[in-house]
Structures are given as C-alpha cells and as structure tokens.
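The values are calculated or read from the model by the stated rules, or taken from the named source; none is laboratory data. What you see is a predicted model; the values in this text were computed from it and never measured. All Cβ positions, glycine included, derive from the backbone under ideal geometry; neighbour counts span all protein chains shown.
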Amino acid sequence: MATLSPDFEVIVHPPTESFRWNVHGYPHHLAKWHYHPEYELHLTQDTCGRMMIGDYVGPFSPGCLILTGPNLPHNWVSDVAPDYRSPDRDMLIQFSSEFAERMCDCFAELHAVKVLLDDSVYGVEFSGTAQAEGARLLQEIGDVSGVKRMMLFLELMDVLSRSPSERRILSHSAPALNVHTVRSKKLQVAITHIYENYTQGVRLDEVARLVHMEPSTFSRFFKKQTGHTFSKFINKLRVHHACNLLVNTDISMTEICYDAGFNNTANFNRQFNTIYRETPSSYRKSARSIARADRDKKKT
C-alpha cells in the first residue's frame, strides 16, 4: 500500500464550526488510501481489519482510536464479506492546522496538547483511559452545538494529551508532509480557482481547461479525489458562505442568495434545505437563538 500514491481529500465544513464531526459507513467512497491537510481523530465503531497509517500496517477493531496529523496518508480496510454493509463504521473529527495553532498559542495550559499534535504527524494510537474516555467524548460531541461543543472538544484534547504512556507512535516516518503528486497539483489548481470564484460563477469546463483535462475526464477525476461531484461541491461552498452571512449580518435573504453565487432564490432555498434540512430563515433564527443563549450564560 505504501508504494501507491494516496488520493487527496477535500474537507469542507461550515464557517460557523471550528472543526468537522462526521460519521460514515463502509464501504464508502472516501474509505481509501488518502491524505488531507487537516488533523483527524478517527474512531472505529464496527468491523475488524487492517489499518495503514503512513508506513505502519497493523490490525484494528471496534474502539480503535487514532489521531493522524496533516497530510499523513491513512486507510482502514475491513475484513468483511464483499456484500457486508456497516452504516456507521467510522466516527471522526477533522480540524485545520491554523485552528490548532491558534488554539495552542492562545492558552499556555495546552502545552501537552501541542506535544500530542506534534506526535500525530507520525500517527498516534490511544489505549487505556485515554482511549475509553476519548471515544466517549467524541461520541458526545455529535449531540451538542455551540459553546458546549467547543468545551467538549477541549476536554477531549485534554484527555488524549494527559497520559503519554497511553499512546504509541505508529509510523516510523512522516513521508507525506510534503506530498506533491501530479494529481494533487492538478487538484490544488482546481480547488484554488473554485475558492476564488465560486460566488461569481464557475464552470466545470473552465476549470478543466486550467488543469489541461477534458471536461468529462475532469468530472470523474474531481469526484474520485474529493468525494463530491463538481456541482455539489460548489453548492456546498455557496451554502456555507450563506450561513456565515445569515449568522453575522442583517442583510436580506435575497441579497444573501445572490452574494453566495446562486442565480435565484428558489435554487438557493432548495440547495440550503438539501444540506441543512431547514430553510435559510429558520437557520438564521436558530443560530441567533443559540448565540443569545450563550451570551446569557456568560453573563450569569
């Protein structure tokens, strides 16, 4: 496995969240040998098999808790029958290096967390109390929001960093800290162009030309590398941009629709509902209600 080039994964999370919490099943289009710039804390909830973390290959089973650092390739391959389906095999949190650095720089008390994150560039497996409590807190984060969510995240990082004897380094090296494959270069060019233009209008054929690919070939390439179709990726970015405006400004729904890059309010409402299962107006109302509740807690 280590001789194969890992696929680059694009991770998108709402601007109102400092980290991404997610659960996915197996088989899954993102369950492959891959890497991404974000840290990832990964809990296996179901199945046994072999995991590949950097140059490490070893067994995993339910309860296995692994922290991987930025750009470290990883994969979990379940030893199951071809027709076996696990709806919730993986639970994970992903967060950026920028968020981690800001967090550790702001609080001297997080020195042990900084040491843990430094170790994670080689992959870290947890055991004992760190593993059990870490898994519990990771699961609890999925049930809360707002300040409570961040408090549980900090508690999770504290638990994992508290006992170095309950963690072990997995990979002998961190070979992917500077990964630059032909595929990753093409994807980076595409992603950069999309992020710079998604609110103004961006077409698949125009991005395909930038990376010297036929549109149909680029469409398949983009889906394989990111796990998203081109149009769904654009819509997700636009909806997340709209979320930021809904929470932090008082501008009208129509203005937000066009500012985010949608060409009509009907499409805006439809795409927003597809991702968040609610209307933009109800999202704004609930987000502001949570913000008010958080402010009231701080006053008491």
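List of remarks:
- Members of segment 16-41 found to be crowded, with 20+ Cβ neighbours inside 10 Å and either in a strand (DSSP E or B) or at pLDDT below 85 (or both), listed by number: TRP21, TYR26, TYR35, TYR39, GLU40, LEU41
- Selected residue (only one of LEU170, LEU187 is modelled with pLDDT under 95, surrounded by 15 or more Cβ atoms within 10 Å (Cβ to Cβ) and over 20 Å from the mean Cα position of the chain (by Cα)): LEU170
- Selection status of ARG85, out of contact with any Leu (no Cβ under 9 Å at 6 or more places or on another chain), closer than 30 Å to PRO59 by Cα and outside the structural domain of GLN225 (by TED's automatic domain parsing): yes
- Considering segment 133-148, and only residues there that are part of a helix (DSSP H, G or I) and without any contact (Cβ under 8 Å) to a residue 12 or more places away in the chain, the residue that is surrounded by the most Cβ atoms within 10 Å (Cβ to Cβ) turns out to be LYS148.
- Residue check, GLY49 modelled with pLDDT of 95 or more, within 29 Å of ASP143 (Cβ to Cβ) and small (Gly, Ala, Ser): no
- Screening VAL10, VAL23, VAL80 for residues that are touching a residue at least 60 places away in the same chain (Cβ under 8 Å), among the aliphatic types (A, V, I, L, M) and farther than 23 Å from GLN131 by Cα leaves exactly one candidate, VAL10.
- Scanning segment 244-287 for residues that are in a loop (DSSP other than H, G, I, E, B) and either in the same structural domain as SER145 (by TED's automatic domain parsing) or not aliphatic (A, V, I, L, M) (or both) yields a total of 10.
- Exclusive hit being crowded, with 16+ Cβ neighbours inside 10 Å and over 15 Å from MET157 (Cα atoms), set ARG89, ARG50: ARG89
- Within segment 212-242, the only residue that satisfies the criterion of being surrounded by 13 or more Cβ atoms within 10 Å (Cβ to Cβ), more than 25 Å from the chain's Cα centre (by Cα) and either among the aliphatic types (A, V, I, L, M) or not in a helix (DSSP H, G or I) (or both) is MET213.
- Residue that is surrounded by the most Cβ atoms within 10 Å (Cβ to Cβ), among those in segment 190-211 that are more than 20 Å from HIS29 (Cα to Cα) and β-branched (Val, Ile, Thr): VAL207
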